[in-house]
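Colleague: Please read through the structure below; I'll follow up with questions.
The values are calculated or read from the model by the stated rules, or taken from the named source; none is laboratory data. Just so it is clear, the structure is predicted and the values come from calculations on it, not from any experiment. Here the Cβ is made from the backbone with ideal geometry for all residues, glycine too, and neighbour counts use every protein chain on show. Just so you know, the surface numbers come from the protein's heavy atoms only, side chains and all, with ligands and any DNA or RNA stripped out. Shrake-Rupley method; radii C 1.70, N 1.55, O 1.52, S 1.80 Å.
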Amino acid sequence: MTVIEQTQASPEALGAAVAREHNRERSRRWRDLALSIGTPLVLLALWQFGAMFGWIDGRLFTPPATILSTGVSMVASGALFDDLVPSVLRLAAGFALATVFGVIAGLLMGVWRPVRAALGPLFTVLFAVPKVAILPLFLLIFGLNETPRIFVVFVAVFFVVQINTLAGIIEIDSRILEAGRAYNAIGLKQFRYVLLPGALPAIFTSFRLAAGLAVVVVVSVEFVAANSGLGYLIWNSWQLFQPAQMYVGLIVVSIVGSALTGLVILVERLVLPWKYSSKPSRSGRRS
């Protein structure tokens, strides 16, 4: 039905068309939900039966049922929490500090050109250095304690947040700045009402990117420079050839990463409700 035909149709016909479109969209949502849940379940079932019937080597690819029972045993004994808690604390400390200082550095470099000129080349060089490669330097400076492990996470997250925050400030449309000045938004008012709101979407994008990177870095650090943590659990299980525990560690790492990313998305929805409310409806999309 064309737009002209819709405008000439009776209210009953329009209501029926809207109802049909609503039902189609609801069906698509249920289909998407079923696929998102069903696909992993089918893969897990294939994995389980493949190990049971010898299609794959169950010694290397531990069946999901065995992984589940191992995970339950580790939770009941408290062994899993002995490794989970240190990883979460390192991740939270490094991520929180880096997001704060990364946003501050990005905002300062975006607002004041001399700061950007002074720090830009230095940050560019430091960003190119592999973050895990500087772990020995931090161990040499701070010793074998929690500080170097947290610092590596801090460095990895800091540059991601700083770069995206700076980009968010620089890419604000000049017409928006002119409109702000027309309404006497200068100085701190410009920063509060124009620059910061304009950069917030880029800042939260950097948080989402940094969440996954922080999990990767903290696990990598625990591989080689820790005697506790999920990374240590995975590496030690591999060395002792305990694949069930190794898979438990991998699954918990993925859950921690998903939880951190989900928390960032939740905060973004609370801080930037206009970003989501202004999105066009997806009901007209076909798939």
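Colleague: Exactly one condition in (1) open to solvent by 40 Å² or more (accessible area, probe 1.4 Å); (2) within 23 Å of the chain's Cα centre (by Cα); (3) under 18 Å from F101 (Cα atoms) is false for T165; which is it?
Modeller: (1)
Colleague: Are there any pairs with C-beta distances below 9 angstrom linking a residue in the range 260-282 that is modelled with pLDDT of 80 or more to a residue that is assigned to a helix (DSSP H, G or I) and open to solvent by 100 Å² or more (accessible area, probe 1.4 Å), with the two at least 6 apart or on different chains, and if so which?
Modeller: Pairs found: T261/R208; V264/R208; I265/R208; E268/R208.
Colleague: Here's another thing I want to ask about it. A226 is checked against (1) modelled with pLDDT under 90; (2) closer than 30 Å to E21 by Cα and fails just one. What number does that condition carry?
Modeller: (2)
Colleague: With respect to L122, is the statement that it is assigned to a helix (DSSP H, G or I) and within 20 Å of the chain's Cα centre (by Cα) true?
Modeller: Against the criterion (assigned to a helix (DSSP H, G or I) and within 20 Å of the chain's Cα centre (by Cα)), L122 does not qualify.
Colleague: Might you let me know whether the range 130-152 holds any residue that is open to solvent by 70 Å² or more (accessible area, probe 1.4 Å), assigned to a loop (DSSP other than H, G, I, E, B) and more than 27 Å from G229 (Cβ to Cβ)?
Modeller: To start, the set of residues in the range 130-152 that are open to solvent by 70 Å² or more (accessible area, probe 1.4 Å) comprises 130, 136-137, 140-142, 144, 146, 151.
The next check asks that each one be assigned to a loop (DSSP other than H, G, I, E, B); those that pass are 130, 144.
From what's left, more than 27 Å from G229 (Cβ to Cβ): none.
No, the range 130-152 contains no residue that is open to solvent by 70 Å² or more (accessible area, probe 1.4 Å), assigned to a loop (DSSP other than H, G, I, E, B) and more than 27 Å from G229 (Cβ to Cβ).
Colleague: More than 18 Å from I203 (Cα to Cα), assigned to a helix (DSSP H, G or I) and either open to solvent by 20 Å² or more (accessible area, probe 1.4 Å) or touching a residue at least 12 places away in the same chain (Cβ under 8 Å) (or both): is that true of L68 in this structure? Don't jump to the end; show me each part of the working.
Modeller: Details: more than 18 Å from I203 (Cα to Cα): yes; assigned to a helix (DSSP H, G or I): yes; either open to solvent by 20 Å² or more (accessible area, probe 1.4 Å) or touching a residue at least 12 places away in the same chain (Cβ under 8 Å) (or both): yes.
Against the criterion (more than 18 Å from I203 (Cα to Cα), assigned to a helix (DSSP H, G or I) and either open to solvent by 20 Å² or more (accessible area, probe 1.4 Å) or touching a residue at least 12 places away in the same chain (Cβ under 8 Å) (or both)), L68 qualifies.
Colleague: Then there is this: Could you please let me know if F159 is at pLDDT 90 or above, surrounded by 20 or more Cβ atoms within 10 Å (Cβ to Cβ) and closer than 20 Å to V88 by Cβ?
Modeller: For F159, the condition - at pLDDT 90 or above, surrounded by 20 or more Cβ atoms within 10 Å (Cβ to Cβ) and closer than 20 Å to V88 by Cβ - is not met.
Colleague: Of the numbered conditions (1) closer than 18 Å to A244 by Cβ; (2) in contact with a Leu (Cβ under 9 Å, 6 or more places away or on another chain), W55 satisfies every one except a single condition; which is it?
Modeller: (1)
Colleague: Just the residues that are exposed (fewer than 14 other Cβ atoms within 10 Å of the Cβ) and either part of a loop (DSSP other than H, G, I, E, B) or of a type in the set (D, E, K, R) (or both), please, taken from the range 23-65.
Modeller: R24, R26, R29, R31, D32, F53, G54, W55, D57, R59, L60 - these are the residues of the range 23-65 that are exposed (fewer than 14 other Cβ atoms within 10 Å of the Cβ) and either part of a loop (DSSP other than H, G, I, E, B) or of a type in the set (D, E, K, R) (or both).
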